[in-house]
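First the structure, then my questions, so here it is.
The values are calculated or read from the model by the stated rules, or taken from the named source; none is laboratory data. Remember, it's a predicted structure, so these values are computed and weren't measured experimentally. Neighbour counts are summed over all protein chains in view; Cβ atoms, including those assigned to glycine, are modelled from backbone coordinates with ideal geometry. Only protein heavy atoms, including side chains, enter the accessible area calculation; ligands, DNA and RNA are left aside. Shrake-Rupley method; radii C 1.70, N 1.55, O 1.52, S 1.80 Å.
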Amino acid sequence: MNKLIKTQYFTPKEFESLSPKFVENMLHNEVPFIVSINIQLEEGFSWVVATSKLLKQDNNGYISTIDLTKIETKFLKLLIENKNSIVTYEIAKNSIWKTKDMSIFTMRNFVNKIRNKTYKSIIKNKSGYGYIIEI
């Protein structure tokens, strides 16, 4: 018999405020829950931490997944994990491209592709240093 799975989304602040008793009751409930923390961005976009997926909610409330390449996903995940802090070009290069040669122009290209799929101000350039997502 298939079990109903209830999905509950929490912002990080909401998740931190949950009481341990509530979480324990939720985990032992007959109806299993999938708990996911979403980081709210601007213009209806949100980042699902558990799955590293970027979602877009339109004006009618419909949610769609934004298709990102593996490198775009890794780059966005790195920026979100370091939100409100500058991720230097060197850190991005070492974290994402590892041993592959990567120019600053390649990184700019990925930033522009993400901006084209989302909105221009999602990633801010800190000239001469790196990139930042301010949440």
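Give me the accessible area per residue for region 54-115, probe 1.4 Å, as a whole number in Å².
Value for region 54-115: 64 Å² per residue.
Counting pairs on different chains as well as pairs 8 or more places apart, how many Lys pairs in region 43-118 have Cα atoms under 18 Å apart?
26
Count neighbours as other Cβ atoms within 10 Å of each site's Cβ, and list the GluC sites (Glu not before Pro) in region 38-135 that are DSSP loop with at most 16 such neighbours.
Glu42, Glu43, Glu134
Okay, next question. Carbon and sulfur: what percent of region 76-122's accessible surface (1.4 Å probe)?
About 48 percent, which is the carbon plus sulfur part of the accessible surface.
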